[in-house]
Amino acid sequence: MPDEIPNQAFTEITPILKGWSDDAKYRVKTDDGRKLLLRVSAIDKYDRKKEEFEALQTIESLEIPAPKPIAFGRCRGNASVYMLLSWTEGKEAEDVLPLLSKEEQYNIGIKAGNLQKRLNSIPAPKDMKPWGVRFGKKLDWKCERYLECGICFEHDDLMLAYIEEHRHLIQNRPQCFQHGDFHCGNLIISEEGEPCIIDFNRIDYGDPWEEFNRIVWCAKRSIYFAAGRIDGYFEGSVPDEFWDLLLLYISSNTLSSIPWSIPFGQKEVDTAVEMAKEVLFWYDDMKSSVPCWYVEAKKDGAK
């Protein structure tokens, strides 16, 4: 399939099997020696992929570290859509972080938070419905899917109750560009210790603070990185109202991850259920809106 990309000649083609995307991904080398990332998708995703490519063009214009858009179009006789991006050298943050000191982990988190803030500076389209309407429907859908999936975890009623008691917080929230899956698994760290954001296939628009809904995976890998990410985003001054809203977004994402995991097998289901239990522990069964890992990281000198 990579040989069918228009106006491109590749001397090396290496499939990339890691990741959750439906895209076929390849590391390719061109005849002029460049290493690139090739993503190939079904043609019914054309509009979505075009939006992703154009978003990467905007991100490049803002000089935010991310894959640079090279080429986009149809291939395989209009059966597929392709995207060529620059190759990002480095290692995944989730692999690098455990090898670093807590200070280095925190500082990379600061840099990641700064990048997240810059991404969120891209405005949402003016004709979008209010966030309270958009996310209100999503909240209902996520809770319904969880309740109907047949898999539950102990004390899930506390999380469901928290969502109902705090869903009013989504009213009158600003909206902006979102990466959609911002966590340490989608950050590449260069040899110089600089983070680069990858995998923009879940881009969206919404509340900038919702972008933190996957920070649980960062905290599981490094509480210092996760704390740094929050501090970097808010430049060291975290608003009190952030914590309640963050817990709302984490709760809704935690519940929805369980039905999402079912098609991928029991191992992924177990991972989703264990994360739900961990979230309850971090938040003292929903009695504290500031997670204990953030408090621990700050007490341990992350600043």
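The values are calculated or read from the model by the stated rules, or taken from the named source; none is laboratory data. Just so you know, these numbers come straight off a predicted model, no measurement behind them. Positions of Cβ are backbone-derived with ideal geometry, glycine not excepted, and every protein chain shown enters the neighbour counts. Note: accessible area is taken over every heavy atom of the protein model, side chains too, but ligands, DNA and RNA are not part of it. Shrake-Rupley method; radii C 1.70, N 1.55, O 1.52, S 1.80 Å.
Solvent-accessible surface of the chain, averaged per residue with a 1.4 angstrom probe and all protein chains in place: 49 square angstrom. Within the shell defined by Cβ-Cβ distances under 10 Å, the residues around residue 18 carry a net charge of 0, with Lys and Arg each +1 and Asp and Glu each -1.
Modelled this way, with points 7 Å down the Cα-to-C-beta line, the labels at residue 144 and residue 296 are 3.8 nm from one another.
For the pair residue 32 and residue 71 in one chain, pulling the backbone fully straight at 0.36 nm per residue adds 12.5 nm over the alpha carbon distance. Applying the criteria of a DSSP loop state and at most 16 other Cβ atoms within 10 Å to the trypsin sites (Lys or Arg not before Pro) of the range 21-62 yields 34.
In the list (i) 0.97; (ii) 1.03; (iii) 0.94, the label attached to Rg/Rh (Cα atoms, Kirkwood Rh) as derived from the coordinates here is (i). With 25 Å as the limit on Cα-Cα distance, the pairs of 18/220; 50/129; 18/298 that go past it are 18/298. Close amide-amide hydrogen proximity is noted between residue 86 and 37, 68, 70, each under 5 Å apart and 5 or more residues distant or on a separate chain (H modeled in the peptide plane; Pro and chain starts excluded). Rolling a 1.4 Å probe over the protein chains gives residue 152 an accessible area of about 90 Å².
Between the amide H of residue 178 and those of 204, 205, 206, distances stay under 5 Å, these residues lying 5 or more places away or on another chain, with hydrogens modeled in the peptide plane.
On the beta carbon distance between residue 204 and residue 99, with R0 = 30 Å, the FRET formula returns roughly 0.40.
At 1.4 Å probe size, with the rest of the protein present, what percent of the exposed accessible area of the range 59-145 is carbon and sulfur atoms? On the range 59-145, the fraction of accessible area on carbon and sulfur atoms equals 52 percent. For the range 232-292, trypsin sites (Lys or Arg not before Pro) are listed when DSSP marks them as loop and at most 13 other Cβ atoms sit within 10 Å of their Cβ; the list is 287. Computed from phi, the 3J(HN,Hα) profile of the range 176-187 under the Karplus parametrisation 6.51, -1.76, 1.60 (θ = phi - 60°) reads 7, 5, 10, 4, x, 8, 7, 7, 5, x, 10, 10 Hz, with x in place of Gly and Pro. Here is the list for the range 171-272: chymotrypsin sites (Phe, Trp or Tyr not before Pro) lying in DSSP coil, each with at most 15 other C-beta atoms within 10 angstrom of its C-beta, are 234. The Cβ shell under 10 Å around residue 290 holds other residues with a net charge of -2, Lys and Arg each +1, Asp and Glu each -1. Looking at 242, 146, 5, which one has the Cα that reaches farthest to the positive end of the dipole of the chain (charges on Cβ: Lys, Arg +1; Asp, Glu -1)? Looking along the dipole axis, the top candidate is 5. By the rule of a C-alpha distance below 17 Å, with chain neighbours fewer than 8 residues away ignored, the aspartates and glutamates paired with residue 299 are 103, 104, 231.
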